[in-house]
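*Asks:* Encoded as structure tokens, here's the structure I'll be asking about.
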Amino acid sequence: MNNFHILKKSADIIKYTGDLVLKEIKSGQKVTVIFPNRRPVYFLSQYISGIYKSAADSIKMFSIDDFIDTCWESSDAAIFYPYAKINPAEAIFLLFDLNKNPEINLIKDAEKLDVFMPWGYKLFGDFEELLIEMTDPSSCDAIIAERINPDSNLQNFSDKFAKFSKMYKSFYETLVKSGFTSRSYRYKTFAENIDANITPNPDVFSSVINGRVILAGFYGITASEAVIFKNLLKNNGFGGENQTLIVSKTGASVADFSSKIGLKPPSGGNITMKDEEYKNRENYGKLSEVKELTKVTEFTEESELNGINFYFNKVSSVHNEIARLKEIIDKSVQKLSSKDLIVLSKEDYLFPLIHNVLNSLDKGDYNISIGYSLNRTPIYTLFNLLSVVHGRKKYDKFYAKDYASLFLHPYVKNISGKLQALPQYRFDAVQTRTIFQAIESYIKKNKILFISVKEIENAVLPAISLSEDSVKAYIGEMHRLFISNFENIENIKDFIEKIVKIIDAVSHNSSADKHPYGSKFIESALKAVMEFDATNFGHYKFEGVSGYFNLLKNLLKRQKVPFKGTPIKGLQILGPLEARNINFDRIFYLGANEGVLPDVSKENTVLTEEVRRFLKLPDAGESSKIQEYNFFNLVSGAKEVYLFYNDSSRSEKSRFVEKIIWNIQKTTKNLKEPKEINSAFKINFNPAEPSPIKKTGEVKDYLCGIEYSAAKLDTYLKCPSMFYYRYVLNIRESGDIGEDIDAAGIGSVIHSVLNEYFKVFEGREYIFSSLEKEKIKIGGILNEKFNDRGSMVLNLQKKQILTALNLFIEKRAKDLAGVKITGAEYPLEGAVTVKLADGCERAIKLMGRSDLIIEKNGEHFIIDYKTGASLTCPDKNFIPAAENRDEWLKNVKSVQLPFYIIIYSACKSVGHSNITAKLWGIKKNEERKVDLKDVNLLNAYAKFIGMLIEDIINSENFDFVKKEPYKKKICGFCSYSVLCGRI
Ligand code: SF4
């Protein structure tokens, strides 16, 4: 009997293998089936038990990994030395110790674990790959010595490579001495020792293997697998000849595969079943005679794709893709079964799918087998925030932004109920959230960049009226748990204990479990850290706190969160690898895009592509071929295939999809592309025209009672709607907590430094001693107001501010010597009488605050510092009047300086002809000035201010900006554009 069965791509390998198994069982044989992956095991088991219920004792089924592990665990040696499989994090510590040895010190300048760790992960990955490919360390050296041209750019690598191969060899020796194995070590051990009578010996295989062996669904295999398969084919010690069968699907590399396992490549191409034989395969299920399988015609991919209904769905985003999928699924929800498959090419699809498509199905109607990486979950985010807080801490202070982000994380701000350390109190989650939100508001309001735990406990809490004992105790306990606990870390064990305390608090006292998957995420995080805690590496220390957190993040990143489900029931949601070797009637393939299908992302490796080729390690091209093989096997077995891809300037459809399209074009002999369903959302991005806002009587009353400043009038001049949002509804941008000072913050620092500088002269003459001394004085004031906390960005900002202030001293303050300083931050007050709509008159209060007022030779100067780029003041040739209303904005621009002159003149009884108002630009040391010495201009502006206020109070609506270029200039920078509708 031929022991190499190659099926066409569309063949159902589960049924075919099942039929072979049933035939064997019928003839009294036992069978062991091994697949490359675990999922076909469930489907084969279902197929066989559906036909022959008492077959269970006669058949064993494994994935290849499970088979190797079972053999390992059944070996005599394993009884005495379990040799647990090492996890990558543990392997790093062994490599780290080896790297200290000068003989094999591969990674230079990595004496500290913190520096070595990222290298360690790469080295472990490379060593595992080399070992499973059975690359001997000495052959490694030989290949390099022989192949590397001294002139090539690989020469440097060959120098290092001697140490690389020494470390590679020493690592596996140390691994076993330390009581560990690894996945590759187990494969290689069985591959090498299978013929020899040493541990683990062939008896191990015979105790695990049951009768005839069927290796089903293999194609691209490692060197270790090839040796194991070759030996299984020889059947050493398992009784009888030709006991092992290979069942695979046809593909371009089938000849390579067959030669790797010691079989001659079939003559004339592939060996396949005859079509008619395949059609009769149902007979095998009925245990009828199985015809001898023979070499026959080749089944090509192309011919097998004919007859499948392909649906091409062009989408614009993941959410659009999911919405389109939902549309299709909703139409056939009654018909969903385990013959339907959704392939998730990336994890990104999982939660959108769960929340938007699977939410309308019962839990038992689907099975998700793709694991979800813990690094995409809120528990990982929490630890990431914690690591940022500690990693960026300077002296005893944190970035206020980091502090707020950590304590406002949903798992943290909701820690409530009875805390273990504070049994005397019970906290409510609304209360705990409010505490942290109040702290955040305080930080934002006071533009705090750095903050310490002490400042929060001793200054912020009293300032926000949260001084009750219970609140103080609560904040103290939270600070202990998240902050002070990590100030002294003894070693990894101590660190893990502290992390477990946080996980404990989150799991028992927060609302994490309210999220449908919250408890799963927490359980998985706990599992990852506890597994590591159980190792012998707890006494290792990192230099800084970041090393501990990097270790934690690596442990969590590698942990997958499993979803519960019955593996063979209902709609199947699988990753591309899990879908191998199973046939589905309907396939929904998400993310069929180039770069994803095939996935050509670079491996985390220290070996270059060239060196990999020398060492005969699989390269990107080989990986792409295997993905192509798996993809076409999958789609060829289906009746309907829905392909979803993003086809835009940034992304194109997969080359495999293009191949299907080309096949359709060839078959139909028509170059027209098959119909593509464009599912992109139809969105109109044109901004909507806002509507005028109607003033109610209540609003009008309010507008009559408030004070008016120049800033309010300028806002109204720009846009009445903006005035409404800012001064009637009082809506302000809350802003983010920054890591540096924003433009407004820089302005306020400059204002407060200059205010303090001039304040001491209030009511008397300004004395300018010397340039040097004045600069020292101003630098001293700046230092007090601006603490850079060692931040490079802040330090730079401080230098910029100091440069601007020094320039100000040089160019402007010098000329002030001898003038009288009337006031700094000088309050101004006045009134204007306006006519209300009902004809009554009302006095309206006007308010202002001038940055500096000076007096020289009977002339008064009102000065306003400007830290922005533009100095805006009215066109001196323009006289505002009711008739030229449309020109106001263009020519008045800002009413500030005339406004100040008018109210200063009134409140200080100074004649308008003796007043000049100025803008001093600090950035470029420029100056702009306005005076109202012309009485017509004075009267016009006094009237203009009254008209503006009358308009604010009396008009029926708050209108909006209609004209260009203001739409662009004003609306483009307006923070209310979403509210008003002009997005
Ligand atoms: S977006 Fe334009 S129209 Fe709307 S409130 Fe702002 S400035 Fe006024």
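*Asks:* On the basis of being open to solvent by less than 50 Å² (accessible area, probe 1.4 Å) and without any contact (Cβ under 8 Å) to a residue 60 or more places away in the chain, does residue 408 make the cut? Step through it out loud before you land on a result.
*Replies:* Details: open to solvent by less than 50 Å² (accessible area, probe 1.4 Å): yes; without any contact (Cβ under 8 Å) to a residue 60 or more places away in the chain: yes.
Yes, satisfied.
So that you can scan it fast, the table gives a plain yes or no per residue for (1) in a loop (DSSP other than H, G, I, E, B); (2) open to solvent by less than 10 Å² (accessible area, probe 1.4 Å); (3) at pLDDT below 75:
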{"residue": "207", "(1), (2), (3)": "no, no, yes"}
{"residue": "227", "(1), (2), (3)": "no, no, no"}
{"residue": "237", "(1), (2), (3)": "yes, no, yes"}
{"residue": "242", "(1), (2), (3)": "yes, no, yes"}
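*Asks:* I would also like to ask the following. Are any residues in the stretch 1-60 surrounded by fewer than 20 Cβ atoms within 10 Å (Cβ to Cβ), touching a Lys or Arg at 6+ places or on another chain (Cβ under 6 Å) and closer than 24 Å to residue 580 by Cα, and if so, which ones?
*Replies:* 37
*Asks:* Determine, yes or no, whether residue 828 is part of a helix (DSSP H, G or I) and either out of contact with any helix residue (DSSP H, G or I) (no Cβ under 8 Å at 6 or more places or on another chain) or not assigned by TED's automatic domain parsing to the domain that holds residue 450 (or both). Lay out the reasoning, then the answer.
*Replies:* Numbers: part of a helix (DSSP H, G or I): no; either out of contact with any helix residue (DSSP H, G or I) (no Cβ under 8 Å at 6 or more places or on another chain) or not assigned by TED's automatic domain parsing to the domain that holds residue 450 (or both): yes.
Judged against the criteria, residue 828 is not a match.
*Asks:* Also, quick follow-up: With the requirement that a residue be within 35 Å of the chain's Cα centre (by Cα) and over 14 Å from residue 17 (Cβ atoms), what does the stretch 38-62 give you?
*Replies:* The one that is within 35 Å of the chain's Cα centre (by Cα) and over 14 Å from residue 17 (Cβ atoms): 38.
*Asks:* Might you check whether a residue that is touching a Pro at 6+ places or on another chain (Cβ under 8 Å) and modelled with pLDDT of 90 or more occurs anywhere in the stretch 707-728?
*Replies:* In the first step, residues of the stretch 707-728 are kept if they are touching a Pro at 6+ places or on another chain (Cβ under 8 Å); the result is 721.
Narrowing further to those that are modelled with pLDDT of 90 or more: 721.
Yes, because at least one residue in the stretch 707-728 is touching a Pro at 6+ places or on another chain (Cβ under 8 Å) and modelled with pLDDT of 90 or more.
*Asks:* Can you confirm whether the stretch 955-969 contains a residue that is within 30 Å of residue 823 (Cβ to Cβ) and open to solvent by less than 40 Å² (accessible area, probe 1.4 Å)?
*Replies:* Among the residues of the stretch 955-969, not one is within 30 Å of residue 823 (Cβ to Cβ) and open to solvent by less than 40 Å² (accessible area, probe 1.4 Å), which makes the answer no.
Matching residues to (1) open to solvent by 30 Å² or more (accessible area, probe 1.4 Å); (2) farther than 28 Å from residue 666 by Cα; (3) in a helix (DSSP H, G or I); (4) in the same structural domain as residue 11 (by TED's automatic domain parsing):
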site	(1), (2), (3), (4)
311	yes, no, no, no
326	yes, yes, yes, no
341	no, no, no, no
354	no, yes, yes, no
359	yes, yes, yes, no
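*Asks:* Take residue 942 and tell me if it is farther than 24 Å from residue 733 by Cβ, outside any loop (DSSP other than H, G, I, E, B), small (Gly, Ala, Ser) and open to solvent by 20 Å² or more (accessible area, probe 1.4 Å).
*Replies:* Numbers: farther than 24 Å from residue 733 by Cβ: yes; outside any loop (DSSP other than H, G, I, E, B): yes; small (Gly, Ala, Ser): yes; open to solvent by 20 Å² or more (accessible area, probe 1.4 Å): yes.
Here the answer is yes, as residue 942 does meet what is asked.
*Asks:* Let me ask you something else. Go through the stretch 547-576 residue by residue and tally those that are open to solvent by 10 Å² or more (accessible area, probe 1.4 Å) and over 30 Å from residue 93 (Cβ atoms). Write out each step before concluding.
*Replies:* So the first thing to find is which residues in the stretch 547-576 are open to solvent by 10 Å² or more (accessible area, probe 1.4 Å), and the list is 550, 553-555, 557-560, 562-570, 576.
Narrowing further to those that are over 30 Å from residue 93 (Cβ atoms): 563-570, 576.
Within the stretch 547-576, residues that are open to solvent by 10 Å² or more (accessible area, probe 1.4 Å) and over 30 Å from residue 93 (Cβ atoms) number 9.
*Asks:* Consider residue 928 against the criteria (1) open to solvent by 30 Å² or more (accessible area, probe 1.4 Å); (2) part of a helix (DSSP H, G or I): it satisfies all of them except one. Which criterion is unmet?
*Replies:* For residue 928, the exception is condition (2).
*Asks:* Here is a follow-up. Kindly provide the set of residues from the stretch 505-522 that are part of a helix (DSSP H, G or I), surrounded by fewer than 17 Cβ atoms within 10 Å (Cβ to Cβ) and without any contact (Cβ under 8 Å) to a residue 60 or more places away in the chain, ordered by number.
*Replies:* 513, 514, 519
Residue-by-condition table, conditions (1) in contact (Cβ under 8 Å) with a residue 24 or more places away in the chain; (2) among the charged types (D, E, K, R); (3) closer than 23 Å to residue 525 by Cβ; (4) open to solvent by less than 30 Å² (accessible area, probe 1.4 Å):
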| position | (1), (2), (3), (4) |
| --- | --- |
| 365 | yes, yes, no, no |
| 383 | yes, no, yes, yes |
| 395 | yes, no, no, no |
| 422 | yes, no, no, yes |
| 435 | yes, no, no, yes |
| 439 | yes, no, no, yes |
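*Asks:* So, residue 758, is that one touching a residue at least 40 places away in the same chain (Cβ under 8 Å) and assigned to a loop (DSSP other than H, G, I, E, B) or not?
*Replies:* On the way: touching a residue at least 40 places away in the same chain (Cβ under 8 Å): yes; assigned to a loop (DSSP other than H, G, I, E, B): no.
No; evaluated as a whole, the condition is false for this residue.
*Asks:* For the stretch 396-504, please list each of the helices (runs of 4 or more DSSP H) lying entirely inside it that holds at least 2 residues being closer than 20 Å to residue 787 by Cβ.
*Replies:* Numbers: elements: 400-407, 410-413, 429-445, 469-482.
In the stretch 396-504, 400-407, 429-445 are the helices (runs of 4 or more DSSP H) which contain 2 or more residues that are closer than 20 Å to residue 787 by Cβ.
*Asks:* Right, another one. Looking only at the stretch 926-960, count every residue that is under 22 Å from residue 689 (Cα atoms), within 16 Å of the ligand (Cβ to nearest atom) and not polar (S, T, N, Q) and tell me the total. First the steps, then the outcome.
*Replies:* Initially, the stretch 926-960 is screened for residues under 22 Å from residue 689 (Cα atoms), giving 952, 955-960.
Next, from what is left, pick out any that are within 16 Å of the ligand (Cβ to nearest atom): 952, 955, 957-960.
Still in the list and also not polar (S, T, N, Q): 952, 958-960.
Of the residues in the stretch 926-960, 4 are under 22 Å from residue 689 (Cα atoms), within 16 Å of the ligand (Cβ to nearest atom) and not polar (S, T, N, Q).
*Asks:* Within the stretch 961-982, can you find the residues that are part of a loop (DSSP other than H, G, I, E, B) and within 7 Å of the ligand (Cβ to nearest atom)?
*Replies:* Within the stretch 961-982, the subset part of a loop (DSSP other than H, G, I, E, B) is 961-965, 972-976, 981-982.
Within the stretch 961-982, 961, 974, 976, 982 qualify.
*Asks:* Here are the criteria: (1) within 16 Å of the ligand (Cβ to nearest atom); (2) open to solvent by 60 Å² or more (accessible area, probe 1.4 Å). Tell me which single one residue 909 does not satisfy.
*Replies:* Failing condition for residue 909: (1).
*Asks:* Can you find a residue in the stretch 616-624 that is more than 30 Å from the chain's Cα centre (by Cα) and more than 17 Å from residue 346 (Cβ to Cβ)?
*Replies:* If we filter the stretch 616-624 for residues that are more than 30 Å from the chain's Cα centre (by Cα), which is where we start, we get 616-617.
Next, only the ones that are more than 17 Å from residue 346 (Cβ to Cβ) stay: 616-617.
The answer is yes, given that some residue of the stretch 616-624 is more than 30 Å from the chain's Cα centre (by Cα) and more than 17 Å from residue 346 (Cβ to Cβ).
*Asks:* Name the single residue that is modelled with the highest pLDDT among those in the stretch 684-695 being open to solvent by 40 Å² or more (accessible area, probe 1.4 Å) and away from the ligand (no atom under 11 Å from the Cβ).
*Replies:* Here is the first cut: in the stretch 684-695, the residues open to solvent by 40 Å² or more (accessible area, probe 1.4 Å) are 684-689, 691-692, 694.
With away from the ligand (no atom under 11 Å from the Cβ) added as a condition, the list becomes 684-686, 694.
Numbers: 684: 66, 685: 65, 686: 68, 694: 95.
Within the stretch 684-695, the match that is modelled with the highest pLDDT is 694.
*Asks:* Here is a further query. Just to verify a result, which residue in the stretch 696-740, among those that are in contact (Cβ under 8 Å) with a residue 12 or more places away in the chain, farther than 25 Å from residue 829 by Cα and more than 15 Å from the ligand (Cβ to nearest atom), is most open to solvent (accessible area, probe 1.4 Å)?
*Replies:* Checking each candidate, the answer is 736.
*Asks:* Continuing with the same structure: What number of residues within the stretch 826-858 satisfy the criterion of being in contact with a Leu (Cβ under 8 Å, 6 or more places away or on another chain), farther than 14 Å from residue 708 by Cα and not aliphatic (A, V, I, L, M)?
*Replies:* 3
*Asks:* Please state which one of 721, 651 is polar (S, T, N, Q) and in contact with a helix residue (DSSP H, G or I) (Cβ under 9 Å, 6 or more places away or on another chain). I'd like the intermediate steps shown before the answer.
*Replies:* Details: 651 fails: in contact with a helix residue (DSSP H, G or I) (Cβ under 9 Å, 6 or more places away or on another chain).
Being polar (S, T, N, Q) and in contact with a helix residue (DSSP H, G or I) (Cβ under 9 Å, 6 or more places away or on another chain) holds for just one of 721, 651, which is 721.
The values are calculated or read from the model by the stated rules, or taken from the named source; none is laboratory data. None of these values were measured; they are calculated from a predicted model. Please note: Cβ atoms are built from the backbone with ideal geometry, for glycine as well, and neighbour counts cover all protein chains shown. Side chains included, ligands, DNA and RNA excluded: accessible areas come from the protein's heavy atoms. Shrake-Rupley method; radii C 1.70, N 1.55, O 1.52, S 1.80 Å.
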